[in-house]
Amino acid sequence: MRLYFIASGRLTYIATPLASPVSLEQILAALQAGPPVGALGQGLRTAVPVASTDADALHAENTNAGVAVVDLPRRFFDTIAVNDQRLVIAQIVLTLTDSRGIGQVTFNQVVTRPNGESVPSGSPLSKADFVALLDSSTGANGQNSVTSTTVANTTPST
């Protein structure tokens with residue numbers, strides 16, 4: 001499972017093993033827990049606040065139509081820095097749309113796109129809405145970019 005975390009104001013992912021079958025709520029709880037400790041998580045952070053009670057927990061369900069419906073706690077944005085509010089939504093959308101069968105995510109509250117545009121509750125968002133926030137080493141499709149070079153054989157034939 002790919003979990004998206006923040007590094008220098010951009011998003012990048014870490015492949016994280018989660019027990020299968022994994023629920024959307026387990027994925028969200030892993031985001032809330034933050035990046036792994038040690039070298040793999042160095043320089044990464046999460047903007048998703050830790051849930052101290054069930055009322056603070058993120059809840060989600062898959063509509064089986066490829067849409068994840070996320071219920072944010074009523075005061076979700078109160079503890080998130082203004083600069084992180086677009087990043088927290090991007091973390092959730094990018095992580096959930098990397099889940100098998102999820103193509104879009106809706107929220108029970110107004111959220112914003114990276115350009116600051118408000119998105120009404122219930123309106124679908126997809127990975128494409130947050131490509132601008134991906135780390136440059138992560139391609140537009142959310143995949144880590146790999147560059148390969150092909151070298152022509154220059155040995156003269158005899």
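The values are calculated or read from the model by the stated rules, or taken from the named source; none is laboratory data. All values derive from a computational prediction rather than experimental measurement. For neighbour counting, all protein chains shown are included, and Cβ atoms are generated from backbone atoms with ideal geometry for every residue, glycine included. Heavy atoms of the whole protein, side chains included, go into the accessibility calculation; ligands, DNA and RNA do not. Shrake-Rupley method; radii C 1.70, N 1.55, O 1.52, S 1.80 Å.
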Quiz prompt | Average Cα contact separation per residue, the range 1-53, under 8 Å, 6 or more apart, as relative contact order % | solution = 37 percent
Quiz prompt | Three-way shape label, the range 1-86, alpha-carbon gyration tensor, a/c 1.5 | solution = oblate
Quiz item: Is it possible to state the helix-based mean residue ellipticity at 222 nm for the chain, with each DSSP H run of 4+ residues giving -39500 (n - 2.57), the sum divided by total residues, to the nearest 500 deg cm²/dmol? What is it?
Solution: -4500 deg cm²/dmol
Practice problem: Give the relative contact order (percent, whole number) for the chain; include only Cα pairs under 8 Å separated by 6+ residues. | Solution: 20 percent
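What is the Rg over Rh value, at two decimals, for the chain, using alpha-carbon atoms and the Kirkwood definition of Rh?
Radius of gyration relative to Kirkwood radius: 1.08.
Sort 22-32, 78-88 by the packing proxy (mean of other Cβ within 10 Å over each peptide's residues), most packed first. Write out the running numbers ahead of the final one.
Values: 22-32: 17.5, 78-88: 14.7.
Highest-to-lowest ranking by the protection proxy: 22-32, 78-88.
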Quiz prompt | Accessible-area composition of the range 3-54, carbon plus sulfur, in percent [1.4 Å probe] | solution = 59 percent
Practice problem: Grab the beta carbon distance between Ala39 and Ala81, set R0 = 22 Å, and tell me the FRET efficiency rounded to 0.05. | Solution: 0.25
Quiz prompt | Relative packing of peptides 124-133, 47-56 - highest average C-beta neighbours within 10 Å first | solution = 124-133, 47-56
Practice problem: May I ask you to give the solvent-accessible area per residue for the chain, in square angstrom, as obtained with a 1.4 angstrom probe? | Solution: 56 Å²
Practice problem: Give the peptides 105-118, 1-14 in descending order of average Cβ contacts within 10 Å, highest first. | Solution: 1-14, 105-118
